[in-house]
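> Can you keep this structure in mind? I'll have questions shortly.
The values are calculated or read from the model by the stated rules, or taken from the named source; none is laboratory data. Computed from a predicted structure; not experimentally measured. Every residue, glycine among them, receives a Cβ derived from its backbone with ideal geometry; neighbour counts consider all protein chains shown. For the accessible areas, the whole protein counts, side chains as well, though only heavy atoms, and no ligand, DNA or RNA atoms are used. Shrake-Rupley method; radii C 1.70, N 1.55, O 1.52, S 1.80 Å.
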Amino acid sequence: MPREQHGQDASATPAAVQLNHTAVYATDRHLSAEFLATVLGLEVGSPFGPFLPVDLGNGVTLDFYEKRDEPIQSQHYAFLVPDDRFDTMTARLDAVAVAYYADPGHTEPGRINRLFGGRGAYFLDPDGHNMEIMTRPYVRP
């Protein structure tokens with residue numbers, strides 16, 4: 001069926017569609033937003049209704065939202081970071097005694113990976129979200 005029949009603009013291309021923001025559930029939005037902002041070297045923005053944003057600098061914000069009535073379901077968030085800031089980020093994790101791992105299953109503590117000619121590491125945020133920092137994007141088939 002043509003896209004117009006589903007309420008979509010037929011002229012929209014995949015390149016024109018961008019992620020603007022996503023909600024990140026947290027038991028304490030301030031703690032989780034500050035944790036991630038500190039690790040990445042960013043700042044926490046001003047509250048926006050029930051959300052506490054962390055602007056990633058590429059037009060995307062993570063909007064931390066408190067959810068206290070049920071357990072937080074772990075999600076995965078991957079951040080493409082400058083190579084010259086990667087060591088600083090892992091040092092910040094060391095400074096707050098948060099383990100990082102070379103793999104998403106967290107079986108290689110204190111190690112980094114070297115996928116696609118870059119460096120990467122995984123770590124958990126205060127609510128168990130599996131965060132990833134990487135210096136090169138994944139090569140997709």
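> Under 6 Å between Cβ atoms, at least 6 apart or on separate chains: pull out the pairs that start in segment 97-108 with a residue that is under 15 Å from Phe86 (Cα atoms) and end on any residue that is in a loop (DSSP other than H, G, I, E, B).
Final answer for the pair search is Tyr101/Glu108; Ala102/Glu108; Ala102/Arg111; Ala102/Ile112.
> Tally the residues that are within 24 Å of Arg29 (Cα to Cα) and either loosely packed, with under 14 Cβ neighbours inside 10 Å or modelled with pLDDT under 95 (or both), restricting the search to segment 105-141.
1
> Could you check segment 30-82 and list, in sequence order, the residues that are aliphatic (A, V, I, L, M), open to solvent by less than 20 Å² (accessible area, probe 1.4 Å), touching a strand residue (DSSP E or B) at 6+ places or on another chain (Cβ under 7 Å) and not in a loop (DSSP other than H, G, I, E, B)?
Ala33, Leu36, Ala37, Leu40, Leu52, Val54, Leu62
> Right, another one. When the residues of segment 1-29 are narrowed to those that are modelled with pLDDT of 95 or more and of a type in the set (A, V, I, L, M), which ends up most open to solvent (accessible area, probe 1.4 Å)? Reasoning before the result, please.
If we filter segment 1-29 for residues that are modelled with pLDDT of 95 or more, which is where we start, we get 20-29.
Pick out the ones that are also of a type in the set (A, V, I, L, M) and you get 23-24, 26.
Values: Ala23: 43, Val24: 1, Ala26: 0 Å².
Result: Ala23.
> Still on this model: Report, by residue number, each residue of segment 83-104 that is open to solvent by less than 70 Å² (accessible area, probe 1.4 Å), assigned to a loop (DSSP other than H, G, I, E, B) and not aliphatic (A, V, I, L, M).
Asp103, the sole residue that qualifies.
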